[in-house]
Amino acid sequence: MFDQIPRTRPHTPLLDQIDDPAQLRALPEKQLPELATELREYLLYCVGQTGGHFGAGLGVVELTIALHYIYNTPEDRLVWDVGHQTYPHKILTGRREQMLSIRQQGGLSGFPKRSESPYDTFGVGHSSTSISAALGMAVGSPDERKVVAVIGDGAMTAGMAFEALNHAAHTGKDMLVVLNDNRMSISKNVGGLATYFARILASKTYLNMREGSRKVLSAIPKAWQLARRAEEHVKGMITPGTLFEELGFNYVGPLDGHNMQDLVHTLRNLRNQRGPQLLHIVTTKGKGFGPAEADPVGYHALNKLEPEPKVQVAVSGNGEKKKKSPKYQDIFGQWLCDMAEQDDKLIGITPAMCEGSGMVDFAERFPERFHDVAIAEQHAVTFGAGLACEGQKPVVAIYSTFLQRGYDQLVHDVAIQDLDVTFAIDRAGLVGEDGPTHAGSFDLTYMRCLPNMVIAAPSDENECRQLLYTAYQHQGPAAVRYPRGTGPGVAIEKTMTALPIGKGRTIREGNNVAILNFGTLIASAQAAAEKLSTTLVDMRWVKPLDEALIDQLADSHNLLVTVEENTIAGGAGSAVSEYLNRRATPVPLLQLGLPDRIIEHGKHPQLLAEIGLDADGIEEQIRKRLEAMNKNDNSNFSGQAAAL
């Protein structure tokens, strides 16, 4: 058991011999527990240096070793769910010495990535996709190839997982699903009796007898049905696997997921079994690291260890320590509690993101009005729609990329019916080290096309609070999108005021160029505006647009520039372009936003600089457009670029 994150590289002589799983498979089985200890300590060291997810990875160390030991990866396909748990997998598959680059720009991804390694068979950042992908591989592969999906008990709550289980049983293809139960939500106890029965159910003797009986008794349907029911009743008394048996899987478990000998023995027996198999293991998230075992939620991920500070803490002008700016998720959480005190019809909904969405206080203070629906984004949206039908005021707190999974419900169940559901959309825009699977790059685009929707993009902390209040007061579908992390440090007004829907505000007046800012890139836009002496407006609303303000700017400026942290295609700038094209006298428009490509992981400021959305990049792109316009039209823009 480790109680501290090692600051220096640990001594790992056995692990250092493993550059690919073939070398792992050459080890004597008795050395695997020692390898697990070294792998666990090395994982702790790496995450201490880089930051990242590690609680889930610590919990699957033994499973990862056992799977690569028994299966001929990468020829045999190993498909991981979610991706948080794959750091041990990366270490064992030739990326050990690259782990110190994980989640950094140009380094390893924090998730499985097909272009990174042949051992990463399927790219994944969100949950509940592994069984579907693995089944597709099983159907599309030669019969001799083995396919394994590893899925957590939380991910098993999603409808997609059960859709895949149902289809897998229908196809009858050979595949193994490993259910990693690390929150005790399915099985509370794993003891000697449970382990004994798990080994019996996976034994060749039992499985051969079961298959032989099926062949004999299938000719006598009533006898086969009676035998099946007897087997199900026996299993139901000693295991929680009746549900999976009814779906058509041969259930084995529960098994201690940290007992290497039992894992290897069971996987060896299951590897060559025919048809869909499900192995249920019970693990401890954060296994081997005391603080993480005690607080698996708090230690889901870790910031990198920083050296001891050598400078004094920053202080304000009156000598007091400067307060850190609150995260946007916490601004939402405080607003939700304040709003709930005023309106007893408010009901908060989250698809398994209580902590990440800032809803912990709300859940404690208003437990009867808090609903964590698990990893079920589609259900979360339609559940909110049903509440709205009964006159309640649902607030769905959901990440931008998670709402993508509930898009049909947003269209069919909310927008078309014009139901009063408020969406608090977190993680809008780029998310830094988590990369493209978690980046909220498309929400303005996919929401803007929906009739009845109103969409707000606050530029700072106080505006976020006030626009949440405004959206909540609106009678119909409304969305407020805000990013991960903290804002610029604007004072937050306790009093909540409804702002005019579809009205922006002018921040500074300038000449020739007007920058129309949508969202939290306001600081960069303002810095560029001051250097260029341009007008800057905070649009606040993507839908409806402030058309009167756009008309005013178009009539008094030679170039309009839109700035947003959303894909340019179909985003806020496209909305402005569509409106300008309807005018009798259109004005040139420069749209700045996320380019039409996948933006990889890295620190948020680095990524913004890379795509030209920091202050310098915005300024440079405006200068280039003005220079081009100056060359093409000397009458209107003569000398303007030179003056800038």
From the options SER141, SER115, SER132, residue that is modelled with pLDDT of 85 or more, of a type in the set (S, T, N, Q) and more than 22 Å from ARG274 (Cβ to Cβ): SER115
Counting just the residues of the range 415-445 that are β-branched (Val, Ile, Thr) and within 21 Å of CYS354 (Cα to Cα), which one comes out most open to solvent (accessible area, probe 1.4 Å)? THR437
From the option list GLU530, GLU493, single residue qualifying as closer than 22 Å to MET629 by Cβ, open to solvent by 10 Å² or more (accessible area, probe 1.4 Å), out of contact with any His (no Cβ under 9 Å at 6 or more places or on another chain) and modelled with pLDDT of 95 or more is GLU530
Given the structure, is GLU364 over 21 Å from LEU467 (Cα atoms), surrounded by fewer than 24 Cβ atoms within 10 Å (Cβ to Cβ) and among the acidic types (Asp, Glu)? yes
Counting only residues that are in contact (Cβ under 8 Å) with a residue 24 or more places away in the chain and either in contact with a Pro (Cβ under 8 Å, 6 or more places away or on another chain) or farther than 26 Å from ARG271 by Cα (or both), the range 88-106 contains a total of 12
Identify all residues within the range 462-490 that are of a type in the set (Ser, Thr, Tyr) and either open to solvent by less than 10 Å² (accessible area, probe 1.4 Å) or over 28 Å from ALA439 (Cα atoms) (or both); write none if there are none. THR470, TYR472, TYR482
Contact list, first residue from the range 68-87 and without any contact (Cβ under 8 Å) to a residue 40 or more places away in the chain and under 13 Å from SER109 (Cβ atoms), second anywhere and open to solvent by less than 30 Å² (accessible area, probe 1.4 Å) and part of a strand (DSSP E or B), beta-carbon distance below 6 Å, six or more apart or interchain, is THR86/TRP80
Considering residues of the range 607-631 that are among the small types (Gly, Ala, Ser) and under 29 Å from the mean Cα position of the chain (by Cα) only, the residue surrounded by the most Cβ atoms within 10 Å (Cβ to Cβ): ALA615
State whether the residues of the range 477-499 include one that is among the charged types (D, E, K, R) and under 21 Å from ALA548 (Cβ atoms). no
Give me the helices (runs of 4 or more DSSP H) completely within the range 355-455, filtered to those with at least 2 residues that are closer than 30 Å to TYR579 by Cα, ordered by residue number. 400-403, 443-448
Filter the range 93-113 for residues that are over 22 Å from LEU14 (Cα atoms) and among the basic types (Lys, Arg); which is most open to solvent (accessible area, probe 1.4 Å)? LYS113
Could you list, in sequence order, the residues of the range 328-346 that are open to solvent by 20 Å² or more (accessible area, probe 1.4 Å) and either more than 14 Å from PRO367 (Cα to Cα) or in contact (Cβ under 8 Å) with a residue 40 or more places away in the chain (or both)? GLN329, ASP330, GLN334, GLN342, ASP343, LYS345
Residue under question is THR86, and the condition is that it be open to solvent by less than 10 Å² (accessible area, probe 1.4 Å), at pLDDT 95 or above and out of contact with any Ser or Thr (no Cβ under 6 Å at 6 or more places or on another chain); does it hold? no
For the range 66-76, indicate whether the set of residues that are β-branched (Val, Ile, Thr), open to solvent by 20 Å² or more (accessible area, probe 1.4 Å) and more than 22 Å from TYR119 (Cα to Cα) is non-empty. no
Residues being under 21 Å from GLU627 (Cβ atoms) and either open to solvent by 20 Å² or more (accessible area, probe 1.4 Å) or assigned to a helix (DSSP H, G or I) (or both): count how many of those fall in the range 555-567. 1
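For ARG448, state whether it is open to solvent by 10 Å² or more (accessible area, probe 1.4 Å), under 18 Å from the mean Cα position of the chain (by Cα), under 16 Å from SER400 (Cβ atoms) and of a type in the set (Lys, Arg). Reasoning before the result, please.
On the way: open to solvent by 10 Å² or more (accessible area, probe 1.4 Å): yes; under 18 Å from the mean Cα position of the chain (by Cα): no; under 16 Å from SER400 (Cβ atoms): yes; of a type in the set (Lys, Arg): yes.
Considered against the rule, which asks whether it is open to solvent by 10 Å² or more (accessible area, probe 1.4 Å), under 18 Å from the mean Cα position of the chain (by Cα), under 16 Å from SER400 (Cβ atoms) and of a type in the set (Lys, Arg), ARG448 comes out as no.
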Assuming GLY152 fulfils every condition listed in (1) without any contact (Cβ under 8 Å) to a residue 60 or more places away in the chain; (2) open to solvent by less than 30 Å² (accessible area, probe 1.4 Å); (3) over 16 Å from ALA168 (Cα atoms) apart from one, which condition is it? (1)
Yes or no: LEU594 open to solvent by less than 40 Å² (accessible area, probe 1.4 Å), over 26 Å from the mean Cα position of the chain (by Cα) and in contact (Cβ under 8 Å) with a residue 24 or more places away in the chain? no
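The values are calculated or read from the model by the stated rules, or taken from the named source; none is laboratory data. A quick note: this is a predicted structure, and the numbers were derived from the prediction, not measured. Counting neighbours? That spans all protein chains shown, and the Cβs are built from the backbone with ideal geometry, glycine included. Ligands, DNA and RNA are excluded from the accessible area calculation, which covers all protein heavy atoms including side chains. Shrake-Rupley method; radii C 1.70, N 1.55, O 1.52, S 1.80 Å.
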